[in-house]
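One structure is given below, encoded as C-alpha cells.
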Amino acid sequence: MNLNVLLLPGDGIGVEVTREAEKVLKQVAELYNHTLHLSEGLLGGIAIHQTGTPFPDSTRDLALAADATLMGAVGLPEFDNAAPEKRPERGLLGIRQALQVYANLRPVRSYAALIDSSPLKNHLVDGADMIIVRELTGGLYYGTPRGISGSGPEEKAVNTMVYTRAEIERVAHMAFQLAGKRRKKVTSVDKSNVLENSQLWRRVVVEVSLQYPGVALDHLLVDNCAMQLILNPKRFDVILTENMFGDILSDEGAVLAGSIGMLPSASIGARRPSGAWAGLYEPVHGSAPDIAGQNKANPLGAIGSVAAMLEYSFGLIDEAKAVNQAIESVLNSGEVTADLKPAGTPATTSQVGDAVCAALELTPARMV
C-alpha cells in the first residue's frame, strides 16, 4: 500500500516525539512492504515564527493532499498573552476544521507494567480499558458569537456552546459502532440538568441508540463521570461526550494510564472510498517546553498514534496490532522514560523509539 503521510512536529517536545513516531512508521513500512511518502509542514508556534500565522495555507494544502496527518504538540509560553488568533492552539483548531474531523478517539488503557505508575490503588486501575469519543468541531470551542469586548467594569467575555442535531448524530453513530466491536456499552456524558444544549444531546443520543439494539446505553452528568473515572474506571467501555467535556475527561484518563505521555488520539472524519477514515493523529500531551530539547519526553503516546493511524486511515489491522504489541513489550522491559518511574535509569526519548523498532522486528505477525 502507498502511505501518504503529513508530519506536523509542532512545538516543544512535539518535535522529539514525532521524530520517534516517524522512525516507527518507517520501520512498519519496511517490514510490511508498504511504500511510505512523507511530507512535513508547520503548525503552531513555529508556524507563527516563520509565517506569521499558526496555520499557514501551505500546511492546509499539504494536509488536504495527504491520506493522514501525524502531529506533535503545539503551544509555547511566549504566546500565552497573545490575541486568540495569534496563539499556536488556533492552528490546531484550524486544521481540525479544514480536515472536517469531527470525532476524537482517545483510548485509555491500563498496562500491567504500569500499574504502580498510577496514583490510584492497583485494584481500581487493573483492567481499565476504554475509549473516550469526543465531538471535535462543535461546542464552546467553535461557537459564535465569541470574544472579549468593552473595558473597565463593562469588559466582558462571551463563548457560545452550539450543537446541531446532525453534529450529535454523526459522533453518536461513531461511538455506537466502536462499542459494537468492544464490550457493547456506551456511556453518554452531558450536563442536561442545567444546559439546554445537553438536553438536546441526550435526546438525540437516545434516538441514535435505537439503531444499535445490541449496545447498552447509560447516561452520566459530567461531574459524576469525572468522579467515576477515579472511583470505578472499569465500569466504562466507550464514553461519548461533547467537545469541552471530552477535552477535560480524556486528560483525567492519564491517571489510569500512568502518564499523559502514554495517551494517543485519533481525530476521525468522513470515510474515504476505500472505507477507511480520514484522520489526524496526535498524542494527547502538550508541548512541555520545560523539558523540550532534553531527550526526556515519553514518545509512546505519539507512537500509539501511529498504530491508530494504521488502523483507521489505512485499514492495516495487523500492522496496528504489531505496533501496540511492541509498545507493550517495551513497557514490560522497563526501558521507559522518567515519567513512568522506571526501577533503573530512565531511558531517553530516542532510546524508547529504538526499543519499539527493535520489538517490531520480533513481532510474530510481521510479514517476511
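What follows draws every value from the coordinates through simple rules; no lab data is involved. It should be emphasised that the depicted structure is a prediction, and the values quoted were computed from it without experimental measurement. Cβ: placed from backbone, ideal geometry, glycine included. Neighbour counts: every protein chain shown.
Data for the structure
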{"read-out": "Longest DSSP-loop-exposure-free segment, trypsin sites (Lys or Arg not before Pro), the chain, at most 11 other Cβ within 10 Å", "value": "182-368"}
{"read-out": "Region 171-242, relative contact order [Cα under 8 Å, separation at least 6], %", "value": "48"}
{"read-out": "Built amide H within the under 5 Å cut-off of GLY143, gap 5+", "value": "THR160, VAL162"}
{"read-out": "Sequence-distant residues sharing a close amide H with LEU36 (under 5 Å, placed H)", "value": "LEU3"}
{"read-out": "Relative contact order computed over the chain (Cα-Cα under 8 Å; 6+ residues apart), in percent", "value": "21"}
{"read-out": "For region 212-318: rounded, prolate or oblate by the Cα gyration tensor [a/c cutoff 1.5]", "value": "oblate"}
{"read-out": "Distant-in-sequence amide H partners of VAL108 (H built 1.01 Å from N, under 5 Å)", "value": "MET130, ILE131, ILE132"}
{"read-out": "Theoretical FRET efficiency, 1/(1+(r/R0)^6), r = Cβ-Cβ of ASN2 and ASP57, R0 25 Å, to 0.05", "value": "0.50"}
{"read-out": "Spherically averaged projected area of region 1-102 from its Cα convex hull (nm²)", "value": "6.5"}
{"read-out": "For region 270-329: rounded, prolate or oblate by the Cα gyration tensor [a/c cutoff 1.5]", "value": "oblate"}
{"read-out": "Estimated dipole of the chain in Debye, rounded to 20 [Cβ of Lys and Arg +1, of Asp and Glu -1, Cα centre]", "value": "940"}
{"read-out": "Where GluC sites (Glu not before Pro) fall in DSSP loop in region 98-167, at most 16 other Cβ within 10 Å", "value": "GLU155"}
{"read-out": "Quotient of C-alpha Rg and 2.2 N^0.38 Å, computed over the chain", "value": "0.97"}
{"read-out": "Long-range tail of P(r) for region 68-193 (Cα pairs > 17 Å, %)", "value": "72"}
